[in-house]
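Have a look at the structure below before the remarks.
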Amino acid sequence: MGAVVRRPVAWVAAIVLLAEAVGFVFVNGLMATVVDNQQMSLAGLDPDAMSTGTWAAGFALGLYLVGCAALLVRAAITDRGFGRVARFVLIACAVLHGVLGALAVGLVGWTAFLFMMVVLALIVLPLVAYGENGEAGEETRESGETAPRTAPAEAGPSAA
């Protein structure tokens with residue numbers, strides 16, 4: 001898959017993740033405000049602690065999504081694959097969207113599930129498109145040599 005597809009998908013995924021980060025912070029802020037205004041409590045917890053925890057969770061998830069978007073933007077700009085840590089972060093983001101999609105279908109409906117699955121696909125596609133160490137046949141970073149596309153067949157003892 002060439003840069004013609006990889007780069008735009010990475011850009012679109014980054015933009016969607018940024019919009020989603022704003023949405024998560026907004027929704028958690030709305031929930032925190034409702035909890036604070038109505039002095040709601042769950043199992044005897046302090047309402048102020050619940051409100052603060054909801055704000056913190058919203059900001060933490062928003063920052064995580066912004067970090068994932070930054071990784072995708074870097075990939076789109078440089079057209080290079082992801083490192084080990086970046087791949088782990090993006091895979092965890094994809095798993096998060098899969099779990100949230102499964103929860104959304106029961107709590108919100110099929111439209112929310114569809115949105116989460118589209119975002120999941122937008123995260124997974126750059127991971128697959130860039131491969132583990134970039135595209136096969138491209139120059140490797142360490143040696144500057146071209147990586148072989150297929151491994152040569154080894155001659156066994158009966159090949160004589």
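Being in contact with a Gly (Cβ under 9 Å, 6 or more places away or on another chain) and more than 14 Å from Leu125 (Cα to Cα) narrows it down to one of Phe88, Phe26, so name that one. Working first, answer last.
Details: Phe88 fails: in contact with a Gly (Cβ under 9 Å, 6 or more places away or on another chain).
Criteria check complete, one pass: Phe26.
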Test result for Ala13, closer than 17 Å to Leu120 by Cβ and in contact (Cβ under 8 Å) with a residue 60 or more places away in the chain: yes
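Output the number of residues of segment 28-49 satisfying the condition of being in a helix (DSSP H, G or I) and surrounded by 13 or more Cβ atoms within 10 Å (Cβ to Cβ).
At the first step, the residues of segment 28-49 found to be in a helix (DSSP H, G or I) are 28-38, 47-49.
Filter once more, so that each one left must be surrounded by 13 or more Cβ atoms within 10 Å (Cβ to Cβ): 28-29, 31-33, 35-36, 47.
Matching residues across segment 28-49 total 8.
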Residues located in segment 65-96, provided they are in a helix (DSSP H, G or I), more than 10 Å from the chain's Cα centre (by Cα) and crowded, with 19+ Cβ neighbours inside 10 Å: Ala75, Ala76
Selection count where residues are in contact (Cβ under 8 Å) with a residue 40 or more places away in the chain, surrounded by 16 or more Cβ atoms within 10 Å (Cβ to Cβ) and not hydroxyl-bearing (Ser, Thr, Tyr), scope segment 107-133: 7
Residue check for Gly62: in a helix (DSSP H, G or I) and either open to solvent by 30 Å² or more (accessible area, probe 1.4 Å) or among the charged types (D, E, K, R) (or both): no
Candidates Ala70, Ala56, filtered to the one that is more than 17 Å from Leu127 (Cβ to Cβ) and modelled with pLDDT of 95 or more: Ala56
Segment 50-59: number of residues that are of a type outside the set (S, T, N, Q) and either open to solvent by 60 Å² or more (accessible area, probe 1.4 Å) or in contact with a Pro (Cβ under 8 Å, 6 or more places away or on another chain) (or both): 2
Among (1) in contact with a helix residue (DSSP H, G or I) (Cβ under 9 Å, 6 or more places away or on another chain); (2) in a helix (DSSP H, G or I); (3) modelled with pLDDT under 95 - the single one Glu135 does not satisfy: (2)
Pairs with Cβ under 8 Å, 6+ apart, first in segment 66-81 and under 11 Å from Ile15 (Cα atoms), second open to solvent by 10 Å² or more (accessible area, probe 1.4 Å) and not polar (S, T, N, Q): Val66/Leu18; Cys68/Val89; Ala69/Ile15; Ala69/Leu18; Leu72/Trp11; Val73/Trp11
Cross-chain or 6+ apart pairs with Cβ under 7 Å, segment 85-106 first and more than 17 Å from Leu72 (Cα to Cα), then of a type in the set (A, V, I, L, M): Gly98/Leu120; Leu100/Met116; Gly101/Met116; Gly101/Met117; Gly101/Leu120; Ala104/Ala112; Ala104/Met116
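Residues checked against (1) in contact with a Cys (Cβ under 9 Å, 6 or more places away or on another chain); (2) at pLDDT below 95; (3) among the acidic types (Asp, Glu):
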| site | (1), (2), (3) |
| --- | --- |
| Val5 | no, yes, no |
| Ala13 | yes, no, no |
| Val22 | no, no, no |
| Val35 | no, yes, no |
| Gly44 | no, yes, no |
| Ala60 | no, no, no |
| Ala75 | no, yes, no |
| Arg84 | no, yes, no |
| Val95 | no, no, no |
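The values are calculated or read from the model by the stated rules, or taken from the named source; none is laboratory data. Please read all numbers here as calculations on a predicted model, not as lab measurements. FYI the Cβ positions are ideal-geometry reconstructions off the backbone, even for glycines, and counts take in every protein chain you see. All accessible areas refer to the heavy atoms of the entire protein, side chains included, with ligands and DNA or RNA removed. Shrake-Rupley method; radii C 1.70, N 1.55, O 1.52, S 1.80 Å.
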